[in-house]
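Novice: Just dropping this structure here.
The values are calculated or read from the model by the stated rules, or taken from the named source; none is laboratory data. Here the structure is a predicted model, which is why all the values come from computation and not from measurement. Ideal geometry is used to build each Cβ from the backbone, glycine not excepted, and the neighbour counts take in all protein chains shown.
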Amino acid sequence: MNEFWTQQTITMAIGMVVSLVAMIVLPMVSKLVDEQLGYFFLAIGGVMLWLAFRTGSVVFEDGSFVQHLMHGHKEGLHTVLTEPWMLVLCYFALSLLSVLFRRRIEKTIRAWTQRMSPEMMVGLWTLVFGSLGSISVVVMATLGAIFFRTLQQVTRRNYTPSVVAYSATIGISALLTTVGEPLSLFIARNLGQGTPYLVRTFGGVCIINCVFLAYVAWLLARKAQPLAESVEERMVREAHEAEREVEQQGSGGEVREALQAVEAYEEQKHNLTHEVDGLLHSTTKVMFFVWGLLFFGEAVKPVAAHIFGGMHPIVAFFGNSISAVADNALLGLLEVQPGMDQSVVMILGLSLAFWGVGLVPGNICNVVLKEKLGISFGTWAKYGMPLAFVLAALNLVLVLLGAGRWLTF
């Protein structure tokens, strides 16, 4: 241990702690940092990577992102590192489709609300689409953002707490296949296994968590608060009310001119060029966020490997709360080792997945939902951290009851 802690590694450890604190505190206290979170995380990751180069503490193994960037080596590169563009393209393509078919989507959801209550819709959506996170966390997060944003516009209620529960469902269900997210891929690869092993290990406990989270989403949706009306929205609403009065009473050249001005504003607000421009900006922020976490993870890998390498599974169960702000895929790579017992793999993988809902950086699906729905970092933490602790309590009970024996097969 003393041999490991040289001046260089101590410097990196201090830099890692300072960076983690900055990642949590600054977005909460600064609105500018919160709004430009992707750029901020890219800067943090870049600084840590530079520090790792200066101290000489970073070791780039075969298949690392930086090695690929510097030397063009593609062999063995895992999904999130070799295909960040795929994640970003999925996000952009689905978001663009939601812009093009905005009115049709809104009309469909309005029809749904006439057949079932909004809270029932939220619960079913969380159970069904959240459980499909094993297909792709980015795809399910983007589809969920479209659903919740439209539902909020239709019902004029704030479903942010339910959004957080939905994101947790995506993150946990992603453990079931090697394509869901890099965490599950790392676990399977380290053990020399594939999707069947993941299903056998996490299938039972994932079902329990997903059903529980769907119930939580439904419960929170029942308590959804009315959305505050912005000045622009009030102006448009009052203009439409005045328009109906004009149609009933006739008249008013000046009134009609005012109404036309409001309609022109509303048309400009939903102008395709304007919305695509905003979409490109948000896509850039998502991409920079992913890169920032990748740089940060590569820089601190030696220190993190030393800290988490020999940690007892129950200690790691709570220690993995750091995955709320760090790359849970990196931690999974370090913690899950060949030959590890299946029940221990279940404990470690599951804890990495559910702690990731605590803060926005914990999972890419959190980032997508925050960006698309305009949820602040502090607001996410307000609901995400308590939910993470509730999931910790639930799953600790399952572990103590011997879930490794009766939920794995």
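Novice: Considering region 1-53 alone, what residues qualify as being among the charged types (D, E, K, R) and either buried (at least 21 other Cβ atoms within 10 Å of the Cβ) or within 23 Å of Ser282 (Cα to Cα) (or both)?
Specialist: Within region 1-53, Lys31, Asp34, Glu35 qualify.
Novice: May I pose another question? Hey, any hits in region 355-366 for a residue that's under 13 Å from Ile170 (Cα atoms), in a helix (DSSP H, G or I), of a type outside the set (S, T, N, Q) and more than 11 Å from the chain's Cα centre (by Cα)?
Specialist: For region 355-366, residues under 13 Å from Ile170 (Cα atoms), in a helix (DSSP H, G or I), of a type outside the set (S, T, N, Q) and more than 11 Å from the chain's Cα centre (by Cα): present.
Novice: Right, next: For region 179-230, give me each residue that is modelled with pLDDT of 90 or more, among the small types (Gly, Ala, Ser) and within 20 Å of the chain's Cα centre (by Cα).
Specialist: Passing the criteria: Ala214, Ala217, Ala221.
Novice: Which count do you get for residues in region 131-159 that are part of a helix (DSSP H, G or I), in contact (Cβ under 8 Å) with a residue 40 or more places away in the chain and over 12 Å from the mean Cα position of the chain (by Cα)?
Specialist: 13
Novice: Return the residues of region 300-312 that are surrounded by 19 or more Cβ atoms within 10 Å (Cβ to Cβ) and either closer than 21 Å to Leu407 by Cα or β-branched (Val, Ile, Thr) (or both); say none if nothing qualifies.
Specialist: Val300, Val303
Novice: Within region 174-200, track down each residue that is of a type in the set (Gly, Ala, Ser) and touching a Phe, Trp or Tyr at 6+ places or on another chain (Cβ under 9 Å).
Specialist: Ser184, Ala188
Novice: Read through the list (1) touching a Pro at 6+ places or on another chain (Cβ under 8 Å); (2) under 30 Å from Gln193 (Cβ atoms), then give the number of the only condition that Leu176 fails.
Specialist: (1)
A quick yes/no check of all residues on (1) in contact (Cβ under 8 Å) with a residue 24 or more places away in the chain; (2) not in a helix (DSSP H, G or I):
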{"position": "Phe288", "(1), (2)": "yes, no"}
{"position": "Phe295", "(1), (2)": "yes, no"}
{"position": "Glu298", "(1), (2)": "yes, no"}
{"position": "Lys301", "(1), (2)": "yes, no"}
{"position": "Phe308", "(1), (2)": "yes, no"}
{"position": "Val315", "(1), (2)": "no, no"}
{"position": "Gly319", "(1), (2)": "no, no"}
{"position": "Ala326", "(1), (2)": "yes, yes"}
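Novice: Can you go through Ile187, Ile170 and tell me which one is under 17 Å from Leu220 (Cβ atoms) and out of contact with any His (no Cβ under 9 Å at 6 or more places or on another chain)?
Specialist: Ile170
Novice: Still on this structure, please answer the following. Is it true that Leu334 is among the aliphatic types (A, V, I, L, M), at pLDDT below 90 and either assigned to a helix (DSSP H, G or I) or under 19 Å from the mean Cα position of the chain (by Cα) (or both)?
Specialist: Spelling it out, Leu334 is indeed among the aliphatic types (A, V, I, L, M), at pLDDT below 90 and either assigned to a helix (DSSP H, G or I) or under 19 Å from the mean Cα position of the chain (by Cα) (or both).
Novice: Still on this structure, I have one more. Residue check: is Trp380 hydrophobic (A, V, I, L, M, F, W, C), free of Cβ contacts under 8 Å to residues at least 60 places away in the same chain, in contact with a helix residue (DSSP H, G or I) (Cβ under 7 Å, 6 or more places away or on another chain) and within 18 Å of Ala141 (Cβ to Cβ)?
Specialist: no
Novice: Just give me the residues in region 383-409 being surrounded by fewer than 16 Cβ atoms within 10 Å (Cβ to Cβ) and not hydrophobic (A, V, I, L, M, F, W, C), in sequence order.
Specialist: Pro386, Gly402, Arg405
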